[in-house]
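These notes are about the structure you will find just below.
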Amino acid sequence: MAIALCRVDDRLIHGQVVIGWGGPLRAKLIVLVDDAVSGNDWERDIYSLAVPKGIDVEIVSEAEAEQRCPEWSRDARPVIILTADLETMTRLVRGTGGLITRVNLGGIHHAPGRTERLRYVYLTQDDVDRLRALEAAGVAVTAQDLPTSTPVPVSELLG
Amino acid sequence: MTQELHGVIVAHAGLAEALVHAVEEISGVRGALTAVTNTGCDRTRLEERVLEAIDDRPGVVFVDLRSGSCFVAAMRLRAGVPDVRVVSGVNLAMLLDFVFHRDETPAEAATRAGEVGVQAIAGG
């Protein structure tokens, strides 16, 4: 089974991911790709607690994610892959040799240097450059916080 | 006399504010609970909101979903604020009980809230 969802969301594992997307996709595995969380046992425990019974969770470094992405793409279970930011997701797309063909922007919230593109998407100029590069590489990027929302193509975000 | 416990409700959209309003309407106890919404927050901003609501007071942080950003934010903060405990699955019954039992320790109050909250669930 192909990876069900590759999502950029700075809240990581939270309600919209577990319930909003996890339910309709019948997700059985959530992979959180985050060097900081994966390297800290206490943080790993907290994020693991946030995943309900019936869904497995793996919290891995970027390096491990690059190695194991082929395994997840063949997994019989619907898999959700999460990163906190576009920088990490862009590296993951490049490092996994075409296994990730679609990217969902689910939550990139306000911070200094970011400009609002949608209520839940604020981008830096570096993010804009990353999105253009992903688009040029043929990756389908859309912003969509929930399955019931209308997906917004990246071309509309970038104007 | 030790300081009375304070309750912080951290929840999605307008739920926390609605729960505070409902508790005040039913109990008449005001000022015992503070509402925090996660709307528009990344992790950092939500933790700032929760920390501001705790305001160095001993108490209990009530969160709506265990599978959510509110729970993660509360649990991450707990390590730095020893006089605070976290309870997920907040409901009106546990809050109504909490506001009348704020002379307990945070650990006792959290245990009690969990028990009262579960006892309030019934069906037919």
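The values are calculated or read from the model by the stated rules, or taken from the named source; none is laboratory data. Here the structure is a predicted model, which is why all the values come from computation and not from measurement. No Cβ is skipped: glycine too gets one built from the backbone with ideal geometry, and neighbour counts run over all protein chains shown.
Tallying residues that are touching a strand residue (DSSP E or B) at 6+ places or on another chain (Cβ under 6 Å) and either outside any loop (DSSP other than H, G, I, E, B) or within 13 Å of chain A (Cβ to nearest Cβ) (or both) within the range B:85-113 yields 10.
In the range A:17-50, the qualifying residues are those that are within 14 Å of chain B (Cβ to nearest Cβ) and in a loop (DSSP other than H, G, I, E, B), and the one that is nearest to A:A2 (Cα to Cα) is A:A27. A single entry from A:P112, A:P151 fulfils the requirement of being of a type outside the set (V, I, T), at pLDDT 95 or above and either more than 23 Å from A:A65 (Cβ to Cβ) or under 18 Å from the mean Cα position of the chain (by Cα) (or both): A:P151.
Could you grab me the full set of residues in the range B:17-48 that are part of a helix (DSSP H, G or I), surrounded by 13 or more Cβ atoms within 10 Å (Cβ to Cβ) and away from every other protein chain (no Cβ under 14 Å)? If the condition is that a residue be part of a helix (DSSP H, G or I), surrounded by 13 or more Cβ atoms within 10 Å (Cβ to Cβ) and away from every other protein chain (no Cβ under 14 Å), then B:E17, B:A18, B:L19, B:V20, B:H21, B:A22, B:V23, B:E24, B:S27 are the ones that fit.
Residues that are loosely packed, with under 14 Cβ neighbours inside 10 Å and over 23 Å from A:A111 (Cα atoms) within the range A:126-139 comprise A:A136, A:A137, A:G138, listed in sequence order.
Against the conditions (1) in contact with a strand residue (DSSP E or B) (Cβ under 9 Å, 6 or more places away or on another chain); (2) surrounded by fewer than 15 Cβ atoms within 10 Å (Cβ to Cβ); (3) free of Cβ contacts under 8 Å to residues at least 40 places away in the same chain, A:R77 satisfies every one except (3). The residues on offer are A:L99, A:L92, A:L118, and the sole one that is of a type outside the set (S, T, Y), within 13 Å of chain B (Cβ to nearest Cβ) and surrounded by 15 or more Cβ atoms within 10 Å (Cβ to Cβ) is A:L118. For the range B:71-84, a residue qualifies if it is in a helix (DSSP H, G or I), in contact with a helix residue (DSSP H, G or I) (Cβ under 7 Å, 6 or more places away or on another chain) and surrounded by fewer than 21 Cβ atoms within 10 Å (Cβ to Cβ), and the qualifying residues are B:R76, B:L77. Scanning the range A:15-42 for residues that are touching a helix residue (DSSP H, G or I) at 6+ places or on another chain (Cβ under 8 Å) and free of Cβ contacts under 8 Å to residues at least 12 places away in the same chain yields A:G15, A:A36.
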